[in-house]
Amino acid sequence: MSRIGKRPVDLPSGVSAAVSGQTIEVKGPKGTRSFTATDDVTLNVEDNVVTIVPRGKSKRARQQWGMSRTVVANLVTGVTAGFKKELEIQGVGYRAQMQGNTLKLNLGLSHDVDYVAPEGVTVTAPKQTQIVVEGIDEQQVGQVAAEIRAWRKPEPYKGKGIRYKGEFIFRKEGKKK
């Protein structure tokens, strides 16, 4: 039995959810998000509580049960608080700055990298060595952060590159004479 799937998702004040068929639409102060569940689960909304119930005892129904509950919980979190990823830039001469909707990255390449933030995601650079990615869709926020990080991943010898805030980089010693 799914320990995650059994727990109901509470809707805070200011958030409403509507189910039509297998699609749930969650509206909140930051926007509207929707999710279409598979036919293996049933979605119910009663008294500001969303419950997910599996249809049958198959392995797929049990898998979809916990996954669907987590996705609905992320929808509620997204429309209330939103999601945020912070990146740090380390390295001499490495920096970031915003120009309108474009993030300009100077990462020691022969050219500057221009990254245009997709719709629904806000990218800011409060400092030259810090990037903040925010939005209501957790998957999209993580994808944008990963795409920015992919331009210069942290290397293990000096630790230079773009890393997530708090990320530990395993350091190597290097050659000895």
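The numbers here are math on the coordinates, done by the rules we state, and not lab data. As the structure is a prediction and not an experimental result, all values here were calculated from the model. Here the Cβ is made from the backbone with ideal geometry for all residues, glycine too, and neighbour counts use every protein chain on show.
Key figures for this structure:
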| quantity | calculated |
| --- | --- |
| Sorted by Cβ density within 10 Å, fewest first, the residues Asp114, Asp47 | Asp47, Asp114 |
| Neighbourhood charge, 13 Å Cβ-Cβ cut-off, centred on Gln140 and excluding it, Lys, Arg +1 and Asp, Glu -1 | -2 |
| Listed residue (Gln143, Val41, Leu107) projecting farthest to the positive dipole end of the chain, Cβ model | Leu107 |
| 0 to 90° range, to nearest 10: angle between helix 138-149 axis and the chain longest Cα axis | 10 degrees |
| Helical contribution to [θ] at 222 nm, DSSP H n ≥ 4, -39,500 (n - 2.57), averaged over the chain, rounded to 500 | -7000 deg cm²/dmol |
| For the range 3-80, alpha-carbon Rg and Dmax in angstrom | 11.8, 38 |
| Per-q log10 I(q)/I(0), the range 26-148, q = 0.12, 0.21, 0.23 Å⁻¹ (Debye; single scatterer per alpha-carbon; no solvent) | -0.59, -1.10, -1.24 |
| Folded to 0 to 90 degrees: helix 59-80 orientation relative to the chain principal axis, Cα | 70 degrees |
| Euclidean distance of C-alpha centroids, the range 1-68 and the range 92-129, integer Å | 37 Å |
| Net +/- balance of residues flanking Tyr164 in space, Cβ distance below 14 Å, scoring K and R +1, D and E -1 | +3 |
| Cβ-Cβ FRET estimate between Lys30 and Arg60, R0 fixed at 45 Å, reported to 0.05 | 0.85 |
| FRET efficiency for Val53 and Gln143, using Cβ-Cβ distance with R0 set to 41 Å, rounded to 0.05 | 0.85 |
| Computed FRET value (nearest 0.05) for Glu86 with Leu109, which takes r as the C-beta separation and R₀ as 25 Å | 0.65 |
